[in-house]
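**Q** One structure, pasted below without further comment.
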Amino acid sequence: MSILHFERKAMPVIPEHRPMYKICQILLILNISSTGGKSSLIRLHLFNWALKDKSRLKMLVSSSQSGVISFGVWGIDPVLNMALNFGTAEGLIKKINTGFQITHTGKDFLNKGNIQGLFGDDAEPLTLIGKSITEQMVKDVARRWKNEV
């Protein structure tokens, strides 16, 4: 049998899977759309899922205006979890009992780096939603998941 040789080739990584891109989205969610800069993990997954598609984002905006989340399920993205770990390691985010919170370093990073300007497509709808998607709204949906099983 002959010897196999493998050569590692450079592969492009879509922005959605780049840790710094995802960390910036998390910081924007915590800063713009989270009371006290805090959010539970499941709520961060909701926002992350909505930011991936314009129709989902419209549903989230509509839910923020009605006060009830209008869809029953959303995706859980392991890339978000990885970005939370990296953001925590860099001191931009800190883990708290109820989830995650933006740090002073994270806020400085957002302001000095003009991240809100660079991520205008994400920041604009997050500003429109504001802090109206509450933890209680997310818990109500999660409670329905448990009752349906």
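The values are calculated or read from the model by the stated rules, or taken from the named source; none is laboratory data. Because the structure is predicted, anything quoted here is derived from the model rather than measured. Positions of Cβ are backbone-derived with ideal geometry, glycine not excepted, and every protein chain shown enters the neighbour counts. Please note that ligands, DNA and RNA were not included when accessible areas were found on the heavy atoms of the full protein model with its side chains. Shrake-Rupley method; radii C 1.70, N 1.55, O 1.52, S 1.80 Å.
**Q** Using a 1.4 Å probe, how large is the accessible area of residue 144, given in Å² and rounded to the nearest 10?
**A** 100 Å²
**Q** Where Lys and Arg each count +1 and Asp and Glu each count -1, what net charge lies around residue 36 among other residues with Cβ under 14 Å from its Cβ?
**A** Working: positive: 38, 43, 94, 107, 131; negative: 135.
Here the charged neighbours net out to +4.
**Q** In square angstrom, rounded to the nearest 10, how much accessible surface does residue 71 have for a 1.4 Å probe?
**A** Answer for residue 71: close to 20 Å² accessible.
**Q** Suppose R0 equals 41 Å. What FRET efficiency, 1/(1 + (r/R0)^6) with r the Cβ-Cβ distance, do residue 132 and residue 11 give to the nearest 0.05?
**A** On the way: r = 40 Å, r/R0 = 0.97.
The pair residue 132/residue 11 has a calculated efficiency of 0.55.
**Q** I need the shape label for the chain. Rule: rounded when a/c is under 1.5, else prolate if a/b > b/c, else oblate, with a, b, c from the alpha carbon gyration tensor.
**A** On the way: a/c = 1.85, a/b = 1.40, b/c = 1.32.
Prolate shape, in that a/c is at least 1.5 and a/b is the bigger ratio.
**Q** How do 73, 138 stack up against each other in accessible area, from largest to smallest, with a 1.4 angstrom probe?
**A** Numbers: 73 100, 138 0 Å².
Sorted by accessible area, descending: 73, 138.
**Q** Shifting gears a bit: Carbon and sulfur together cover what percent of the accessible area of the stretch 8-114 at a 1.4 Å probe radius?
**A** Values: 3380 of 5840 Å².
Whole-percent figure for carbon plus sulfur exposure: 58.
**Q** Let me ask you something else. Quick one: grab the alpha carbon gyration tensor of the stretch 26-78, order the square roots of its eigenvalues as a ≥ b ≥ c, and give me rounded if a/c is under 1.5, else prolate or oblate depending on whether a/b is larger than b/c.
**A** Details: a/c = 1.62, a/b = 1.22, b/c = 1.33.
Oblate, because a/c is 1.5 or more while a/b does not exceed b/c.
**Q** Let me ask something else. Between 0 and 90 degrees, rounded to the nearest ten: what's the tilt of helix 54-66 against the longest Cα principal axis of the chain?
**A** Orientation of helix 54-66: about 20 degrees from the principal axis.
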